[in-house]
Amino acid sequence: MSDAFDRGMKTRRSVLGDAHVDRAEAAKTPFDTPFQTLITEGAWGTVWSSDAITRRERSMLTLALLAAMGNFDEIPMHIRATANTGATKEDVMEVFQHVAIYCGVPKANHAIKLAKAAYAEMEEDQ
């Protein structure tokens, strides 16, 4: 594999955790392998691996963008990742308040609902 893939897999595991990445890798098929390679190299090996901003900041930006665009399916995964990136619950609430003002209350409200559920699951797992 490429350097970007190796770097991406390391970053992806660091942010999302081994269990999540192992499940994703086990579910990979020949059909979606090109896509998985693309996100591992591009998203994780380039964007998330950059040291231009902190992982805490990157985590907050990602949550804001997901909520703003209505891409709610990945919000719980990225809430769980905050345990590894350093973004606090207070940070996340600030992010979603910003989304409410600039992108709409319904999007922020739904993102908060998903975050609350993800945080509750994380607390149960501890």
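The figures follow:
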item: With Cα atoms, 0 to 90° folded angle of helix 105-125 axis to the chain main axis; result: 70
item: CD proxy at 222 nm, helix term only [per DSSP H run n ≥ 4: -39500 (n - 2.57); per residue of the chain; nearest 500]; result: -23500 deg cm²/dmol
item: Principal axis box of the chain, alpha-carbon based, largest edge first, Å; result: 42, 33, 27
item: Likely footprinting exposure, F31, F96, F5, F72, fewest C-beta neighbours within 10 Å first; result: F31, F72, F5, F96
item: Only Lys, Arg (+1) and Asp, Glu (-1) charged, at Cβ; the chain dipole about Cα centre in debye; result: 200
item: Folded to 0 to 90 degrees: helix 89-103 orientation relative to the chain principal axis, Cα; result: 80
item: Cα extents of the range 1-52 along the three principal axes, largest first (Å); result: 33, 21, 14
item: On Cα atoms only, tilt of 55-69 relative to the major axis of the chain in degrees; result: 70
item: Dipole magnitude of the range 54-126 about its Cα centre (Cβ charges: Lys, Arg +1; Asp, Glu -1), debye to nearest 20; result: 220
item: Furthest towards positive pole of dipole, T62, G17, Q36, structure part the chain, Cβ charges; result: T62
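Only the coordinates and a few stated rules stand behind these numbers; no lab work does. This structure is a prediction, so every number in the text was calculated from the model and none was measured. All Cβ positions, even for glycine, are placed from backbone atoms using ideal geometry, and neighbour counts span all protein chains on display.
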